[in-house]
Amino acid sequence: MENIHQHEPKKVFLETFGCQMNDNDSDRLLGFLKDIEYIRTDKPEKADLIIINTCSIRDKAEQKVYSTLGRFKELKKENPGLIIGVGGCVAQQEGATLLKRTPHLDIVFGPHNVHKIKELLNEAGNKKRVVATGFNEKIDDDEYAIGPSADGIKAFISIMRGCNNFCSYCIVPYTRGREVSRKSADIISDAQRLASSGVKEVSLIGQNVNSYGTSGGGDVSFPELLRKIARVDGIERIRFITSHPKDISEELIYLFKDEPKLCRHIHLPVQSGSNSVLKAMRRGYTREEYLSKIMLLKRLYPEISISSDIIVGFPGETEADYEDTISLLKAVRFDNLFSFMYSVRPGTKASEFTDHLPLEIKSERLHLLQELQKEITFSRNLELVGKTLEVLVEGQSRIDPNEMTGRTTCNRIVNFTTEARGSGSLVDVVITNASPNSLKGIHNERGNICS
Ligand code: SAH
Ligand code: SF4
Ligand code: F3S
């Protein structure tokens with residue numbers, strides 16, 4: 001007899017923490033789940049499947065997993081058919097320990113196992129509790145079988161995974177494995193597919209994009225990959241993140257000259273301004289080498305915006321080391337900065353160091369540094385008032401429906417007035433006002449850039 005019941009699609013509630021790599025994994029996960037007829041819900045109480053994609057970069061991030069899982073304990077009691085899974089970096093780090101600590105958890109899967117979700121769900125459906133934290137040395141063809149989805153006119157493309165750097169504080173090489181690059185042809189075909197569905201801006205992502213192609217998998221250098229993407233019709237803007245200061249080549253620095261599609265922004269995490277701390281962090285560059293690359297970038301491209309990451313309170317960081325970081329901030333005047341208190345990560349080299357700083361010192365140093373950076377960011381924004389900047393229109397502003405919003409090539413949010421209403425076009429905007437985190441402007445329809 002024919003089945004005349006129309007079954008309801010199953011629902012997945014997915015929460016993602018951490019970096020763009022995790023966002024990208026969640027994106028692929030949703031794609032694989034869509035294939036087996038799951039749709040996304042934002043209500044955990046309505047879900048048949050709950051997945052938390054976790055981050056372990058600092059202890060606080062890791063602890064979030066346990067509190068988030070705690071929230072779902074009651075739901076599992078009410079609905080024993082509910083399947084709960086943990087993916088991402090904490091899953092990789094903790095493996096079976098997570099299952100032991102959390103009796104209502106069914107699946108633990110690491111970042112190399114996202115594409116195995118269907119098998120894992122089958123096992124969990126048979127009342128088995130499963131752990132999948134194996135590493136593949138190579139990228140399986142089916143891992144990226146689901147291409148990246150477009151968020152309107154923007155999309156992220158993962159070009160590599162893992163990291164070989166083993167900075168002494170960092171857990172990533174342990175949770176994401178060795179660095180492997182995707183083949184350039186696969187990346188280009190993702191870009192072409194995205195362009196044909198209306199995407200104008202792609203961000204190429206990896207933990208260390210400058211070493212793309214140098215350690216397995218990749219067939220061209222990173223600058224060559226950028227040139228190839230720039231030739232994809234329909235792609236108007238290209239961003240990339242994250243660059244490592246030790247690997248950023250002169251070829252890449254000079255590429256900004258020849259490639260107008262490359263956005264005038266670079267994220268170049270420095271971590272510390274002190275040579276002895278940089279050495280203990282195993283970053284592979286000195287303060288002087290970092291500064292000379294920054295000065296070259298600024299000399300060649302006065303309009304370029306530079307952002308960075310800083311860790312304060314690394315073991316053994318003296319007052320003088322900290323002052324070196326402060327003086328570096330003043331010398332560079334970053335457009336934006338992400339700063340963190342050092343957090344011990346299990347299994348890393350720095351976890352063996354004994355000269356840890358008290359929380360009060362770390363927290364005071366972080367606070368003072370953030371206050372200084374706030375002033376710098378605001379004054380860098382103020383410097384743009386009166387200039388005409390090119391903005392990729394993303395849609396209506398959420399704050400004021402009479403305004404449109406978008407980003408400049410130098411990665412600033414601009415809310416502006418205009419007669420035009422569509423998204424996806426590049427327009428010239430005269431900047432009239434700056435606030436600490438965004439700019440305001442008026443669409444300049446005669447359109448001559450004078451920045
Ligand atoms: N691959 C990137 C960084 C990825 S992690 C790079 O090499 O720059 C993002 C940021 O988290 C790092 O730049 C660093 O500033 C911070 N971070 C990493 N490990 C940390 C730790 N143990 N404690 C505090 N911050 C940390
Ligand atoms: Fe971590 Fe260093 Fe690799 Fe960045 S480069 S992911 S900080 S080990
Ligand atoms: Fe976090 Fe893992 Fe990314 S530790 S920052 S989710 S690589």
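Okay, residues lined up against (1) under 29 Å from LYS349 (Cβ atoms); (2) in a strand (DSSP E or B); (3) more than 14 Å from ligand 2 (Cβ to nearest atom):
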residue	(1), (2), (3)
ALA155	no, yes, yes
ASN165	yes, no, no
SER168	yes, no, no
TYR174	yes, no, no
ARG193	no, no, yes
GLY198	no, no, yes
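I need the full set of residues from region 307-331 which are among the hydroxyl-bearing types (Ser, Thr, Tyr) and either more than 21 Å from SER292 (Cβ to Cβ) or assigned to a helix (DSSP H, G or I) (or both), in order please. So that I can check it myself, show each step before the final result.
Looking only at region 307-331, we keep the residues that are among the hydroxyl-bearing types (Ser, Thr, Tyr), and these are 307-308, 318, 322, 325, 327.
Scanning region 307-331 gives THR318, TYR322, THR325, SER327.
Residue pairs whose Cβ atoms lie under 6 Å apart, separated by 6 or more positions or on different chains, with the first residue in region 419-444 and in contact (Cβ under 8 Å) with a residue 24 or more places away in the chain and more than 10 Å from MET404 (Cβ to Cβ) and the second surrounded by 13 or more Cβ atoms within 10 Å (Cβ to Cβ) and of a type in the set (Gly, Ala, Ser), are VAL430/GLY441; ILE431/GLY441; THR432/GLY441.
Take ILE235 and decide whether it is part of a loop (DSSP other than H, G, I, E, B), hydrophobic (A, V, I, L, M, F, W, C), touching a strand residue (DSSP E or B) at 6+ places or on another chain (Cβ under 7 Å) and more than 12 Å from ligand 2 (Cβ to nearest atom).
Numbers: part of a loop (DSSP other than H, G, I, E, B): yes; hydrophobic (A, V, I, L, M, F, W, C): yes; touching a strand residue (DSSP E or B) at 6+ places or on another chain (Cβ under 7 Å): yes; more than 12 Å from ligand 2 (Cβ to nearest atom): yes.
Considered against the rule, which asks whether it is part of a loop (DSSP other than H, G, I, E, B), hydrophobic (A, V, I, L, M, F, W, C), touching a strand residue (DSSP E or B) at 6+ places or on another chain (Cβ under 7 Å) and more than 12 Å from ligand 2 (Cβ to nearest atom), ILE235 comes out as yes.
Residues checked against (1) at pLDDT 95 or above; (2) within 19 Å of the chain's Cα centre (by Cα); (3) under 22 Å from LYS138 (Cα atoms):
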{"residue": "CYS167", "(1), (2), (3)": "yes, yes, no"}
{"residue": "CYS170", "(1), (2), (3)": "yes, yes, no"}
{"residue": "TYR174", "(1), (2), (3)": "yes, yes, yes"}
{"residue": "GLN192", "(1), (2), (3)": "yes, no, no"}
{"residue": "GLY213", "(1), (2), (3)": "no, no, yes"}
{"residue": "VAL220", "(1), (2), (3)": "yes, no, yes"}
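Which members of region 332-354 meet the condition of being more than 19 Å from the chain's Cα centre (by Cα), under 30 Å from PRO436 (Cβ atoms) and part of a loop (DSSP other than H, G, I, E, B)? Scanning region 332-354 gives ARG333, TYR342, SER343. Residues that are of a type outside the set (Val, Ile, Thr), away from ligand 1 (no atom under 14 Å from the Cβ) and touching a Ser or Thr at 6+ places or on another chain (Cβ under 7 Å) within region 53-82 comprise ASN53, LEU69, listed in sequence order.
Looking across SER351, SER423, SER363, SER397, one residue alone is surrounded by 18 or more Cβ atoms within 10 Å (Cβ to Cβ) and among the polar types (S, T, N, Q). It is SER397. Within region 365-382, the residues that satisfy the criterion of being among the charged types (D, E, K, R) and without any contact (Cβ under 8 Å) to a residue 12 or more places away in the chain are GLU371, GLU375. Select from region 400-420 the residues that are surrounded by 17 or more Cβ atoms within 10 Å (Cβ to Cβ), among the polar types (S, T, N, Q) and either farther than 21 Å from SER307 by Cβ or touching a Pro at 6+ places or on another chain (Cβ under 8 Å) (or both) and list them in ascending order. The one that is surrounded by 17 or more Cβ atoms within 10 Å (Cβ to Cβ), among the polar types (S, T, N, Q) and either farther than 21 Å from SER307 by Cβ or touching a Pro at 6+ places or on another chain (Cβ under 8 Å) (or both): THR418.
Entry remark, region 50-83: residues being more than 25 Å from the chain's Cα centre (by Cα) and either of a type in the set (D, E, K, R) or crowded, with 22+ Cβ neighbours inside 10 Å (or both) number 6 in total.
The values are calculated or read from the model by the stated rules, or taken from the named source; none is laboratory data. In this text, all values refer to a predicted model and were calculated from it rather than measured experimentally. Here Cβ is always computed from backbone atoms with ideal geometry, including for glycine, and neighbour counts include all displayed protein chains.
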